Amino acid sequence: LENLQPEIKELAKRLRYEVSVRGKQLGWSEKVARFHFTRNMRRVVTELYVRDNCHPFKATLLLWVQIPMWVCVSLALRNCSVGALGSAVQEQFSSGGALWFTDLTAPDSTWILPFSLGLVNLLVVEV
């Protein structure tokens, strides 16, 4: 989408000129000329999206999958850590950690995991 922006700007400038010339020939008002420009610009941009196979909805598709997945995983981990699934699961979480976090049901007092997760997410977004 970003690579198409220069081409879209150039086409918009050319289309604006063509619509203004045609509008003067036919005596269109500013409102009618704006309507024709908007309609034709929408058509041109849609053709560019089809040509380059880069519809804006494709960029948000991953987001629509990730949000429900994140909610489900977060709720599942929460239910496991508070013992909603039974005492056997909570017993395993309370003794199944590694390194400095041996109890997975206790809050991280050092804040190492939240900061490292935030840093990794920032790096993923920036890279």
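Can you give me the distance in nm between label points at A59 and S116, each placed 7 Å from the Cα along the Cα-to-Cβ direction?
It is 3.3 nm.
Give me the Kirkwood hydrodynamic radius of the range 47-127, using the inverse of the mean 1/r over all pairs of distinct Cα atoms, in Å to one decimal.
After inverting the pairwise mean of 1/r, the radius is 16.0 Å.
State to the nearest 20 debye the size of the charge dipole of the range 3-54 about its Cα centre, where the only charges are +1 on K and R beta carbons and -1 on D and E beta carbons.
240
For the range 2-127, give the percent of accessible area contributed by carbon and sulfur heavy atoms, probe 1.4 Å, rounded to a whole number.
65
Quick one: accessible surface of R78, probe radius 1.4 Å, all protein chains present, in square angstrom to the nearest 10.
140
Which length gain, in nm to one decimal place, applies between I67 and S109 when the Cα-Cα distance is subtracted from 0.36 nm times their residue separation?
In short, 12.4 nm is gained.
Considering the chain as a Gaussian network with a 10 Å cut-off on Cα pairs, which listed residue, Q66, Q90, Q25, attains the greatest mean-square fluctuation?
Evaluated over the chain, the most mobile residue of the options is Q25.
Find the centroid of the Cα atoms in the range 1-35 and in the range 87-104, then give the distance between the two in whole Å.
Between the Cα centres of the range 1-35 and the range 87-104 lies a distance of 64 Å.
Using DSSP loop states and a limit of at most 11 other Cβ atoms within 10 Å to flag chymotrypsin sites (Phe, Trp or Tyr not before Pro), what is the longest stretch of the chain containing no flagged site?
Maximal segment without exposed cleavage sites: 1-99.
Taking K and R as +1 and D and E as -1, what net charge do the other residues with C-beta under 13 Å from the C-beta of E30 add up to?
Cβ neighbours under 13 Å give a net charge of +4.
Just the accessible area per residue of the range 7-116, please: how many Å² with a 1.4 Å probe?
Value returned for the range 7-116: 80 Å² of accessible area per residue.
Just need the relative contact order of the range 37-127 here, percent rounded to a whole number, with Cα pairs under 8 Å and 6+ apart.
It rounds to 11 percent for the range 37-127.
Per residue, how much space in cubic angstrom lies within the convex hull of the C-alpha atoms of the range 3-54?
Hull volume over Cα atoms, normalised by residue count, gives 63 Å³.
Rounded to the nearest 500, what is the 222 nm mean residue ellipticity of the chain from helices alone, with -39500 (n - 2.57) per DSSP H run of 4+ residues and division by all residues?
-25500 deg cm²/dmol
Under a point-charge model restricted to the Cβ atoms of Lys and Arg (+1) and Asp and Glu (-1), what is the dipole moment magnitude of the chain relative to its Cα centre, in debye to the nearest 20?
Charge dipole of the chain: 1340 debye, to the nearest 20.
Out of P114, P68, P56, any idea which swings most in a Gaussian network model of the chain, alpha carbons joined below 10 Å?
Highest fluctuation among the options: P114.
The values are calculated or read from the model by the stated rules, or taken from the named source; none is laboratory data. The structure presented is a predicted model; accordingly, all values stated were derived computationally and were not measured. No Cβ is skipped: glycine too gets one built from the backbone with ideal geometry, and neighbour counts run over all protein chains shown. Accessible surface areas use protein heavy atoms only, side chains included; no ligands, DNA or RNA. Shrake-Rupley method; radii C 1.70, N 1.55, O 1.52, S 1.80 Å.
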